[in-house]
Structure formats: C-alpha cells, structure tokens
Amino acid sequence: MMELEDPSVSQMTAEFSAEEQPIFLMAYQCFILWALIRVLQDELEPAEIHDLTKRVRDAFVTFGRHDSVVFERIWPFTAEFMPMALKGGTQTGVVYPLPHIIQAATSAGYPLPQKILSYRLGVHVLVAMERIAETLRPDANSRAE
C-alpha cells in the first residue's frame, strides 16, 4: 500500500483528467500487483502466489479510489503487456513500463492519453518497480547486514 500512498502517485494522478484518474489508479494497482508477483514467482509456490494476490487485492479495495470492475478488466492486459516492458525497447534495450501500463488500460477499453508519458511519471514507475524488487528480493536482507 505504501506505493499507492506515495505523494508521487498523487502528483502523477493529477496529470490525468478527473475521468481518467480512477482508470490510471487501477492500471497502476495492476502494475504494482504484477511487479510483486514477478519478483516472488520463483520464490513462492503457486498456492502462496494465489494467497498473496488475494491479500494484495483485498488491501487495494481499502484504497479510497478502488474500482474492482475496472481492475478486473485491466488486469489481464497488464499480465500480457508487462513482460514485454521488461524486454526493453528494440533500439535501446531500456526498460520503461509506463507506456505498457497506459496500453493495458487502453486495451481494456479505458483509453488513457499517451501524451501523459512524462519523464517524471516514467521515472517514478521505474523507482517503484525497483523498490518492490529490493524489498522482496531474498538476498536483500543479507546485503543489508
């Protein structure tokens, strides 16, 4: 939940129109869940992943602007597009998941403008992804000692 409560998320959300804001938040929640699963998929059993997914989604529901219907529609597209984001650009190899988050929402029938692909927003998404990985990576605790 700390990723959703980060002040940068509020700033990012403000870049969208009032109608687009809840859509972006659901797409961002899908991204957060996908990143959690991706980091832990090799460490946990499928039943544990299922339990984690349920707990995270239950926590998302407590977030003031959650819409389960929108989340459900965006989620399969997030699962489809985010692995492509990890491959990086064809020319540069740079991983930049923000366009894939926007594309997941758009493919689910909730168009978000591509013009919102600001550098600040993109960097925040990358930082969030790294923060999730660092927090959950099994060797993170051993490096901290």
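The values are calculated or read from the model by the stated rules, or taken from the named source; none is laboratory data. Only a predicted model underlies this, so the values are computations on that prediction, with no experimental measurement involved. Heads up, the Cβs are rebuilt from the backbone with ideal geometry, glycines too, and the neighbour counts pull from every protein chain shown.
Brief remarks on what is shown
- Listed by first and then second residue, the pairs with beta-carbon distance under 6 Å, at least 6 apart or on different chains, first residue in the stretch 46-63 and in contact (Cβ under 8 Å) with a residue 60 or more places away in the chain, second surrounded by 12 or more Cβ atoms within 10 Å (Cβ to Cβ) and aliphatic (A, V, I, L, M), are PHE63/LEU4.
- Subset of the stretch 63-81 [modelled with pLDDT of 80 or more, closer than 17 Å to THR13 by Cβ and surrounded by fewer than 20 Cβ atoms within 10 Å (Cβ to Cβ)]: HIS66, ASP67
- Residue match in the stretch 16-25 (condition: assigned to a helix (DSSP H, G or I) and of a type in the set (D, E, K, R)): no
- In the stretch 82-140, residue modelled with the lowest pLDDT [restricted to those that are among the charged types (D, E, K, R) and assigned to a helix (DSSP H, G or I)]: LYS115
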